[in-house]
Amino acid sequence: MIRKLYWMVATIVFLSTSAPLWAAEDGFYIGGSVGNAYIQDSAPDTSEFENIDFNSDDTGYKLFGGFRGGFFGVEGGYVSFGSPTDRSTKIEMTAFDLFALIAFSAGPVDIFGKAGAVKWDRDTTVDGQQISTDGTDPVYGAGVALNIGSLGIRGEYELYDIGDTNDVYMISVGATVTF
């Protein structure tokens, strides 16, 4: 009986003193992610390219940094969507984004949502002919992170509402370090 009581007390003390180890730290952070970038597009006959029916994905990556204080934060970064190719069409797209972030912690796990703006550049090549476009549009995202002190591992989904493009999104896994 004494031995069981000892282990219960020891476990409670350990868990109560180690809780800060598992919580996400507030402050400045940097990170990077890699994942699947997906682009679906179709252009009307009136566009520079007639009847584009593009549906492809490629490996994309992003580098980002931000600041988090409590439930709220800001985050900005650079995104490369790779070079998805579908038949004779290739789209290369990069972007800079800026998000407002809200996060809820449950022990070592954070669930977060974010919304902001993206400044994008796109090069579309069809049968050797290239056209470049750019713009600024809304972007949204959600994810989950596992935190161990200043280190975090996170997975997220981001939806880019880019111009006349039908769908642009990225599913990624990455890591963060908080300072």
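The values are calculated or read from the model by the stated rules, or taken from the named source; none is laboratory data. Just so it is clear, the structure is predicted and the values come from calculations on it, not from any experiment. Using ideal geometry, Cβ is built from the backbone for each residue, glycine included, and neighbour counts are taken over all protein chains shown.
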TODO: Looking only at the stretch 5-20, decide whether some residue is aliphatic (A, V, I, L, M), at pLDDT 85 or above and farther than 30 Å from GLN129 by Cβ.
DONE: no
Residues in the stretch 128-136: is at least one at negative phi, out of contact with any Pro (no Cβ under 7 Å at 6 or more places or on another chain), without any contact (Cβ under 8 Å) to a residue 24 or more places away in the chain and of a type in the set (Asp, Glu)? yes
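Looking only at residues in the stretch 42-75 that are charged (D, E, K, R) and modelled with pLDDT of 85 or more, which one is nearest to GLY152 (Cα to Cα)?
Residue satisfying both the conditions and the ranking: ARG68.
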Among (1) touching a residue at least 24 places away in the same chain (Cβ under 8 Å); (2) under 21 Å from ASP58 (Cα atoms), GLY149 falls short only on (2)
From the option list VAL139, VAL173, VAL168, single residue qualifying as in contact (Cβ under 8 Å) with a residue 60 or more places away in the chain and in contact with a Gly (Cβ under 9 Å, 6 or more places away or on another chain) is VAL173
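If I filter the stretch 53-62 for residues that are of a type in the set (Lys, Arg), out of contact with any helix residue (DSSP H, G or I) (no Cβ under 7 Å at 6 or more places or on another chain) and at positive phi, do I get at least one hit?
no
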